[in-house]
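Worksheet: one structure, shown below.
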Amino acid sequence: MQPESAMTPGLEVTVLVSVGRHPLTGRARRADQDARGVELARSLADAQVRLLHAGMRDESSEAALRGYLGMGFTELSLLEQSEGADVLPALAEALDAASPHLVITGERAERGEGSGLLPYLLAERLGWPLVSGLAAVESVEDGVATLLQALPRGQRRRLKVRLPVIVTVDDAAPAPRQSAYGPARRGAFEATAGPVSADDEWASWHVQPARPRPKRLKIVKAASARDRFKAAAAKAEGGSGQVLTDVTPTQGAEAILTLLREEDVLR
Amino acid sequence: MSDLPRRDPRQEWIARNRLHPRHAEVLQEMGRGAASEWWGPGGLVRRNPHAVGFVGPNGVKRIDRSGTQQGACGGGTATPIAERKPLVEIDAPAFMIAVVPDMAGGRLSGHDRDLFGLARQLADADPAARGAVVAVIFGPHKEADVGEAGIDRLLHLDSPEVAGYAPEARLGALIMAEETWSPRHWLLPDSKLGGGELGRRLAVRLGERPATGVWQVEADAEAATGWHCTARGAAGSLDIRRPLPRIALALAECAEPVSETRHAAVELALPQPLPSTLSRIQDLGQVSVDPSGVALSEAEFILSAGNGVKDWQGFHHAAEVLGATEGASRVAVDDGFMARDRQVGATGTWVTARVYVAVGISGAIQHLQGIQTCDKVVAINMDPGCDMIKRADLAVIGDSTQILEALVTLVAQAREEKRDAA
């Protein structure tokens, strides 16, 4: 599909939403990153946002999915799947049919394997580019999106990509709005039966609740008894720093500036 | 002349026999220094206890009662540990294990080193058929000796195509490496620094189902690859035990880093240059972010104020000019000069900055706990005896107001010069 300038007013956005898991209680909720993705889509001007979910439909997951409806939607497309099924074929088919301009997902699911592979698999299957870890969508003009990617340490990177594109949302994206109870109750599920393919490999693995990881021991590797003793008796804070006494403020400032330049923190 | 020490048994015998007429003379010769005893003018034997013994290889004084003082030339000859490590060279590897480290800031992080430790574990499992660890490094790096991390082969790609955010070009390079050497396993860090993304792209392109969030790998004869791994799933709430696939994305501390051997790190090259593919994603570079908006716990450069700061206007100005995130000690917060969310320390935020400048902070233990993981600490203080000076890598004793003023002037000057030159 060729992007046209005329399409910008009606930017079609599909947000893939999943059922999350509360980290403490383990109850079903709207997944945090997916909710951030919905918030991101809501903040786009002139966008037609559609919610898409592939998964099992039962009481708890329906309650969780209503959380997304409460963010200002009247309906949510649901591709019904059996438990533990591979949702990729169903999603790829649905996206291929709808062919939106922008697909927004979270980085990884809060249930199941949670490998974070789904957006990459979809991008490969549809042949679209993928941008990961988004903090914001700055603008969409003439079929080109300017995106702000979140980097570690609070840094941001600006990217430009031609639509259609799949983006994943980082935890640095704006926090989702609260889900309103009334719209959540009123919203409807538009269920369609998609292709279901079982995930046999997942079924063959041994899955158990995470146990705490062992703490790494501090191993002192010393050739001699003296080195071992020194390592055991040494204070945690070594006093090997350089101390400048009786210097003029300018000399001191120069020394600090040299260190800042070496560490490359001045911009 | 060979460097082998030659022993003269007769001289050694004379050295042991204090009654021998040539005893003092021989000791002079062998002891390479002052004699420890001699006949005084009054006929008494005089002894110099300080001349007895020698300094051993570890810098401790040793007394050798046998009379021959071996190793008398002192402790300066001890070779650094790095050189004493045995060098391992694998000329004809049975297979390859490829590792793509993050190399954040051009250096191997702890996470990368753990990954190389894991790769060595996989490569060295069978001593009869050892594998080689191939590191694929993008962009320039600052590591002096990459072989220390356990790298047998090094593929260093430093062309402009793979610079910056270029996941598609990097993926192309990895695919080429896959076709050339077809490694038995690909190991990547499951991190936000690029490794997690690149690993997933590679796995999808190769049609493999990778293991993500791997934190433990164990040998298992029943598995197809001979290894089992334990991986975190479902936002860290599940442990998935499964056979180790070809591509694994591992968490930090998945294995012990290599510490006892050095490896050759022989340079490899791709058979043909990288194809210049048109990237669909255009990198417009990093955006300058407001340092005061960055969370204190993840800020890279923090300028922190304590009780010693008197000129608060000057401090805020300095933070703005340097582009540093502001922090504070508890005293400054309690006195109302700084906001509570800026407090660094055990009762505030534990920071992970690379550079931490402490202005007028004496260094209470709670504060020092909070800055444990900082790489470089700079202290500006009036008191040369305070704890912060002991912790600091660079300490300047003096009035903080004047030093900050001078620093601001210097930085402004440097910027001005740069602007003029440009």
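Tabulated data
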| item | result |
| --- | --- |
| Around A:G127: net Lys/Arg minus Asp/Glu count, Cβ-Cβ under 15 Å | +1 |
| Whole-number Å³ per residue for the convex hull built on Cα positions in the stretch A:14-87 | 91 |
| Spatial separation of Cα centroids for the stretch B:328-343 and the stretch B:234-255, in angstrom | 41 |
| Placed amide H near A:R50: partners under 5 Å, 5+ positions off or other chain | A:V13, A:T14, A:V15 |
| Neighbour cut-off at most 11 other Cβ (10 Å), DSSP loop, trypsin sites (Lys or Arg not before Pro), the stretch B:218-310 | B:K310 |
| A:K160-B:D126 FRET efficiency (beta carbon distance; Förster radius 56 Å; 0.05 resolution) | 0.70 |
| Along principal axes, Cα extents of the stretch A:165-264, largest first, whole Å | 77, 46, 31 |
| Mean projected area in nm² (Cα convex hull; one quarter of hull surface) for the protein assembly as shown | 42.9 |
| Taking A:S204, A:S224, B:S109, B:S329 and counting other C-beta atoms within 10 Å, the order from fewest to most | A:S204, A:S224, B:S109, B:S329 |
| Environment charge at B:A125 (Cβ cut-off 14 Å; Lys +1, Arg +1, Asp -1, Glu -1) | -1 |
| Net charge contributed by nearby residues that have their C-beta within less than 13 Å of A:A184 (K/R +1, D/E -1) | +4 |
| Modelled label reach - B:F95, point 7 Å along Cα→Cβ, the stretch B:141-157 residues with backbone N closer than 15 Å | none |
| Least to most buried among B:E25, B:E148 (fewest other Cβ within 10 Å first) | B:E25, B:E148 |
| The protein assembly as shown, helix-only ellipticity at 222 nm - DSSP H runs n ≥ 4, -39,500 (n - 2.57), divided by all residues, nearest 500 | -8000 deg cm²/dmol |
| Beta bridges by DSSP in chain B, antiparallel share as percent, to the nearest 5 | 25 |
| Extension reserve of the A:Q242-A:E141 stretch, reckoned as 0.36 nm per residue once the Cα distance is removed | 30.9 nm |
| Cross-link reach list, lysines versus B:K142, counting only Cα pairs under 18 Å and skipping chain neighbours closer than eight places | B:K376 |
| Relative contact order (%) - criterion: Cα under 8 Å, at least six apart; region: chain B | 11 |
| Distance (nanometres) between label positions extended 7 Å along Cα→Cβ at B:R22 and B:D220 | 7.5 |
| FRET efficiency estimate (nearest 0.05) - Cβ-Cβ, A:A231 to B:H50, R0 30 angstrom | 0.50 |
| Per principal axis, descending, Cα span of chain B in whole Å | 95, 68, 50 |
| Dipole of the stretch A:9-204, positive direction: furthest Cα of A:A198, A:V165, A:A98, with charges on the beta-carbon | A:V165 |
| Proximal aspartates and glutamates relative to A:K218, as straight alpha-carbon distance under 17 Å, when same-chain residues fewer than 8 apart are discounted | A:D227, A:E237, B:D114, B:E253, B:E256, B:E260 |
| Across A:K230/B:K192; A:K230/B:K390; A:K160/B:K418; B:K192/B:K390, pairs whose alpha-carbon gap is larger than 27 Å | A:K230/B:K192; A:K160/B:K418; B:K192/B:K390 |
| Fewest-first ranking of B:C254, B:C386, using other Cβ atoms within 10 Å as the exposure measure | B:C386, B:C254 |
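Throughout, read-outs are computed from the coordinates displayed, never taken from laboratory work. Keep in mind that this is a model prediction, so the values were computed, not measured. FYI the Cβ positions are ideal-geometry reconstructions off the backbone, even for glycines, and counts take in every protein chain you see.
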